[in-house]
Amino acid sequence: MLRNLFWLILSLVIIVCGSVVTSEASVIPFISGPGLAQNTGSGQTGSSGGNITLGGQNRVGASGRSGHRIPKPDEDRRGKHKGWAVKRKAKKKRKKSEKGGKKKSAKKRCKRKKKSLSLTEQEQPSKVKKKKHASDDRIAEDCSVESEGLKIRSERADDIPLPLGIMRLMGMDRVIDCHIPKHWKQRDLSQGKTCIIWLAYILSEGDHRKVSVREYISDMRVSLSEITGCEIKEHDFTDDRCSILLKYLSKRRYWEKIEKVLSERTIEAYELPKNTVRCDATTVSGYHRIEEGGLFQRGISKDDPNRPQIKIMSGALDPLGMPLASDTVSGERADDGLYRPLIKRMNEYLCNDDVLYAGDCKIGAFGTRLYIKGIRKHYLCPLPMTGHMAREMKRLIRIGVMKERLGEAGYVYAEKNDEKVLMAWGYEFHRGLSGEYEGRKIKQSERVLIVNSPTYAKSQARGLERRLKTATEKLYALTPQRGPGKRQITDVNKLKVSADKILKRYRVKGLLRYESVKETERIKKYIGKGRGSATRPYKIIERVRYQAVSVKRRGYRIRREKERQGWKLSVTDVSPERLSFEGVVKCYRREYRVEQIFTRLKSRLNVSPLYVKRDDQVVGMIDLLSLAVRVMTVAQYVVRRSLQKDKAELKGLHPENPKKLTDTPTAERLFKAFSKIMLTIIKSGNSIIRHLTPLNDLQKNILKRLGLNCSIYKDLEFERSPYKLSEW
C-alpha cells in the first residue's frame, strides 16, 4: 500500500517538472529509480544532460521531442501563435505521410535506407521506426543488392542467331554494302548490318512494322552486338533510318545488282540446281488511298476486290522455291506483259542455256513463248482456253477418249502409301511455231499435250452436281404457290427470261429442261357498291399465273459434259529425251512451289496490310520481305537435302507429337525449334558472368545440317567488346 502511494507521488512530481521545463525551456534533471534509465548517448541529446527512457522507449519530456527546446512564439493580433499556420501544414503533411506510408515506392525506401547506412554510428538518430510490412524484408534485400553494385540483364536470343548465321553465310550484308552508297552523315552501323538485323527480327516475330524494331533492338542489344561484332544501338533502327534503307532498296539500279549478285552467291554456296524456274504473280491488298499513277489501284483480286491492291511478280528457282527476281507493279496491270522483263533478268542471273521456264496460262501467250524461244530457252505452260483453242478442245477431247478406249493413251502413276495411283492420262502431238523476234525469223516445233486428271475430273463433277441441284431449286422458286407476299409471274416471256438467267448463272444451260403450265382463275365481281343479288349486274375477272411443274435433267448432255471434265492442254518445246510425257506432267504438277513464296509473304510475314504509305517504301518493303523468303527457302531446302542424303529424320519438331519423325521439315518449324533460349548477364563491380540456355540435340543437329557452327550461340557467353555493358 505504501509502495503504491510512493510511486503515485513520484509520477506526479515527474509530470509537474515536465510542465515547468516546457514553459521555461529548461532541461529535465536526471532522476533515478526503478523502471528509469539514463541514455548517455551524445548523438542528439541536449547540452545539459541525457534523455530519459521509460519502458525501453526514448522519451524526452512530455512532448516526446529530443534536442534543444524551441521557445514559445509570441502571439499575433488574433491571439494565436505566429507559427500556427506552419504547424498546421506540418500536421497535415505528417498525417498524409502516415496514411500513404503503405504506398511508398521501394525506390524511396531504398534511398532512405542508403542514407541511414551512410551515417556513422554517432550520427544515427535516436528514434528508429520499426518495419510495418512483411514486404520490407524483401525491399531491404533488393536495396542491399543495388548497394553492392549487382546488376542482372536477360535477353531472349531464341532463333535470332540462326537467320543471322544463314544470311552471313550467303554474304547478304556484304553484297548490300557493296551496292548501296554510304551517306556521309550515316551512323557507324552499315546498311548491310541494318538490313540483316531487321530481317532477323521479321523472321522471328513476323512483324514488318518499322515502329516496333527500335524497342526490340533495345532489348536485344547485347546479343546482337556479340553476333555481329558491332556496337548496336536502338538509334540505328529509328523510323527514318529504316525508311532510308527501304528507299535504297526500291531503286532499280541498286536492287537489280543486289538481286543478281546475291542469287549467284547463293547458288554457288549451296550448290543449287538451276535448270527450272517457275514464274507467277499475286496481289496484295491494303488500306491505301487510290491516286492517279500510284501503285495501289483496283483490279481483279482473289483476296479482297473491294480494296486497292498492288501486284507482285516473282520467279522462283526449282525445286527449293527460292525467289530469284521480283517486281512490284500497280494493281490494275495484266500479268501477260510482266513475264518478259522478269525472264530477261533471271536469264542474266543464271547464264544457263537449258533453263526451263514454267508458269500458268498467262506465260502461254504467243508473244511470250516466241520471246523465250528467241533467247534460246525453253517453256512449259498450259494454253488458255480462248479463241480457236476453245473450239478445238472438243475435238481433241474426243480423240483422247477414243485413244483411251483403244489403249493408245499414255498413263502417269504416282506412289501413295506404297501403292500406285493413277495421276493422269492422255496423249500428245507436235505442231509448228513460227514468228519473228528482233528481226530474226523463228520456226520451231512444239509438243502439245492433252492430259486428263481423274482427281480434277471428280472435283469438276461434284461442282456440276451442286450447280444442277441449285439451279433446279431456283427454277421451282420462280413460281411459288399463291399466298401472302408471294409474287406470281403472269407473263410467259418474263418466266423464260428469268429461267435463262438462272441457267446461265449456274452454267447449266442445255443440261436442264423445265416445263410450265398456265393456270387461270375466274373471279365473279359485282358492279357497283352494296351486296350482291340474283338481279345485280356482275363481271368475270380472269387471273393468270404460270407454274413450273417439272425440271428434268438431260442425261445424254450431262454425260457428254462429264466426259469433257478434267482435261487440260499444255505446251512445251522441250525434247522428249529430256522430258517424256510423264516428266512433263509431273513437272507441271510442281507449280505449287512458286506459290509457297506468296503463302509465306501473306501468312508468316503478314505482308497484308502493308504498314508503309509512300510508293518507294512499298516497293522497298516488298523487296526486303522477298529477301526474308529467300532465307527461309534456303534453310528449308538445305536441311531437307541433308536429311535425304543421310536417310535420316528429325524428332521433336512437332510439340503436339514429340516422338514424330520427319525428313521434310518446314522452315517455320526449324526456326521455332530454337525458342526459349535465354542469355543472362550478371554484372557485379568489374566482374561479368554470362549464362546461355544450353542447346539440345535437335538444335545442334539443325545447325550442323545448315552448315553452321554451334559457336554462333556459345559465343554469346563470352564478352568480346567492353562497351556492350557500358550503358546499363
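The values are calculated or read from the model by the stated rules, or taken from the named source; none is laboratory data. In this text, all values refer to a predicted model and were calculated from it rather than measured experimentally. Using ideal geometry, Cβ is built from the backbone for each residue, glycine included, and neighbour counts are taken over all protein chains shown.
Observations on the structure shown:
- Note on segment 514-537: residues that are out of contact with any Pro (no Cβ under 9 Å at 6 or more places or on another chain) and either assigned to a loop (DSSP other than H, G, I, E, B) or modelled with pLDDT of 90 or more (or both) amount to 9.
- In segment 502-512 there is no residue matching the filter, namely being at pLDDT below 90 and in a helix (DSSP H, G or I).
- Of all residues in segment 527-576 being among the hydrophobic types (A, V, I, L, M, F, W, C) and over 60 Å from the mean Cα position of the chain (by Cα), the one that is surrounded by the most Cβ atoms within 10 Å (Cβ to Cβ): VAL544
- LYS420 in contact with a Phe, Trp or Tyr (Cβ under 9 Å, 6 or more places away or on another chain), at negative phi and either surrounded by fewer than 11 Cβ atoms within 10 Å (Cβ to Cβ) or assigned to a helix (DSSP H, G or I) (or both): yes
- Members of segment 654-700 that are of a type in the set (Ser, Thr, Tyr) and not in a loop (DSSP other than H, G, I, E, B): THR662, THR680, SER684, SER687
- Only residues that are of a type outside the set (Val, Ile, Thr) and crowded, with 22+ Cβ neighbours inside 10 Å were counted in segment 296-320, giving 8.
- Every test in (1) assigned to a loop (DSSP other than H, G, I, E, B); (2) in contact (Cβ under 8 Å) with a residue 12 or more places away in the chain is passed by GLN444 save one, and that test is (1).
- Any hit, segment 233-244, residues being among the small types (Gly, Ala, Ser), surrounded by 14 or more Cβ atoms within 10 Å (Cβ to Cβ) and without any contact (Cβ under 8 Å) to a residue 24 or more places away in the chain: no
- Residue within segment 381-399 that is assigned to a strand (DSSP E or B), charged (D, E, K, R) and surrounded by fewer than 16 Cβ atoms within 10 Å (Cβ to Cβ) present: no
- Entry remark, segment 319-332: residues being in contact with a Lys or Arg (Cβ under 6 Å, 6 or more places away or on another chain) and not in a strand (DSSP E or B) number 2 in total.
- Selection count, segment 272-306, where residues are of a type outside the set (S, T, N, Q), modelled with pLDDT under 90 and within 30 Å of CYS351 (Cα to Cα): 3
- Taking the criterion of being assigned to a loop (DSSP other than H, G, I, E, B) and out of contact with any Pro (no Cβ under 9 Å at 6 or more places or on another chain), the residues of segment 701-712 that qualify are LEU706, GLY707, ASN709, CYS710.
- Within segment 475-497, the set of residues being touching a Leu at 6+ places or on another chain (Cβ under 9 Å) and part of a helix (DSSP H, G or I) comprises LEU475, LEU495.
Yes/no matrix, rows are residues, columns are (1) under 18 Å from VAL584 (Cβ atoms); (2) among the polar types (S, T, N, Q):
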| site | (1), (2) |
| --- | --- |
| ARG405 | no, no |
| VAL412 | yes, no |
| LEU422 | yes, no |
| GLU436 | no, no |
| ARG440 | no, no |
| THR455 | yes, yes |
| GLN460 | no, yes |
| LEU468 | no, no |
| THR472 | no, yes |
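- Every residue from segment 299-318 that is closer than 17 Å to GLN596 by Cβ and part of a strand (DSSP E or B): ILE312, MET313, SER314, GLY315, ALA316, LEU317
- Test: residue in segment 612-623 that is under 30 Å from SER154 (Cα atoms), at pLDDT 90 or above and either touching a helix residue (DSSP H, G or I) at 6+ places or on another chain (Cβ under 8 Å) or part of a loop (DSSP other than H, G, I, E, B) (or both): no
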